[in-house]
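To start, the structure under review is shown below, and the notes come after it.
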Amino acid sequence: MTFLLKLSGAIDRLGIGLGHAVRWLILGSVLISASNAVMRKAFDIGSNAFLEVQWYLFAAAFLLGAGYTFLRNAHVRIDFLSSRLSERAAAWVDILGIVLVVLPFAALMILWSWPLFARAWTSGEMSQNAGGLVLWPARLVIPIGFALLLLQALSELVKRAAFLRGLLPHPITPEAKPESDPPAGDVRAEAQA
């Protein structure tokens, strides 16, 4: 279990780093959107390429941030049910949800989206809009985003199992998930000591 907790910590650090980087994608999307709107309204100049870059950045932020959202427990949950359960029962519900829903869904999305990226890459597929961009960067973000979500789901699965074995506090309690991101591995280091 020690190796799995260390691996979980590494996945969490990756997720935290990407979560912080995704903030810049949102800023870029907002700045491009605002610039494009000003150019269109003030100077009657528009660009499909700018619109598509904005969409690409937003899609990348959403997909690359999914794992971070899972790590921070900010995803859609069935709290009305799990809040009425004991921590152990809630951990089992989380484990079942991860194993039966998140992992298979993420794996299928990776398998189904990779050929779309590969076809766009090899063919040099372009947007159908005038002045549009190549499509492979947007298509590549899909399998990468779901791979990151899959990795984070595995990390969360390890943490739930460690909680059930008494090695960690419940992964979504306030002492396990402080408001700010913890230094990498703090909870795991205490559990391993």
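Summary of computed values
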quantity: Residue under evaluation GLY17, criteria (1) surrounded by fewer than 14 Cβ atoms within 10 Å (Cβ to Cβ); (2) within 20 Å of ILE142 (Cβ to Cβ), criterion not met; calculated: (2)
quantity: Members of region 110-166 that are in a helix (DSSP H, G or I), among the hydrophobic types (A, V, I, L, M, F, W, C), farther than 30 Å from ALA91 by Cα and touching a residue at least 12 places away in the same chain (Cβ under 8 Å); calculated: TRP114, LEU116, PHE117, ALA120, TRP121, TRP136, ALA138, LEU140, VAL141
quantity: One residue from ARG13, ARG40, ARG72 being within 25 Å of GLU156 (Cα to Cα), modelled with pLDDT under 90 and among the charged types (D, E, K, R); calculated: ARG72
quantity: Checking GLY145 against (1) within 27 Å of ARG165 (Cα to Cα); (2) buried (at least 19 other Cβ atoms within 10 Å of the Cβ), the condition it does not meet; calculated: (1)
quantity: Candidates GLY15, GLY46, GLY9 - the one that is without any contact (Cβ under 8 Å) to a residue 12 or more places away in the chain and touching a helix residue (DSSP H, G or I) at 6+ places or on another chain (Cβ under 6 Å); calculated: GLY46
quantity: Single unsatisfied condition, ARG84 versus (1) outside any helix (DSSP H, G or I); (2) among the charged types (D, E, K, R); (3) under 21 Å from the mean Cα position of the chain (by Cα); calculated: (3)
quantity: Condition check for VAL22: at pLDDT 90 or above and farther than 17 Å from ARG160 by Cα; calculated: yes
quantity: Among (1) assigned to a helix (DSSP H, G or I); (2) surrounded by 14 or more Cβ atoms within 10 Å (Cβ to Cβ); (3) not β-branched (Val, Ile, Thr), the one test that ASN73 misses; calculated: (1)
quantity: Some residue of region 27-42 being in contact (Cβ under 8 Å) with a residue 60 or more places away in the chain, surrounded by 15 or more Cβ atoms within 10 Å (Cβ to Cβ) and of a type in the set (Ser, Thr, Tyr); calculated: no
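Rundown of residues vs (1) surrounded by 18 or more Cβ atoms within 10 Å (Cβ to Cβ); (2) in contact with a Gly (Cβ under 9 Å, 6 or more places away or on another chain); (3) modelled with pLDDT of 95 or more, yes/no style:
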| site | (1), (2), (3) |
| --- | --- |
| LEU108 | no, no, yes |
| GLY124 | no, no, no |
| VAL134 | no, yes, no |
| LEU151 | yes, yes, yes |
| GLY185 | no, yes, no |
| ALA193 | no, no, no |
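The values are calculated or read from the model by the stated rules, or taken from the named source; none is laboratory data. Just so you know, these numbers come straight off a predicted model, no measurement behind them. Backbone-built Cβ (ideal geometry, glycine too); neighbour counts: all protein chains shown.
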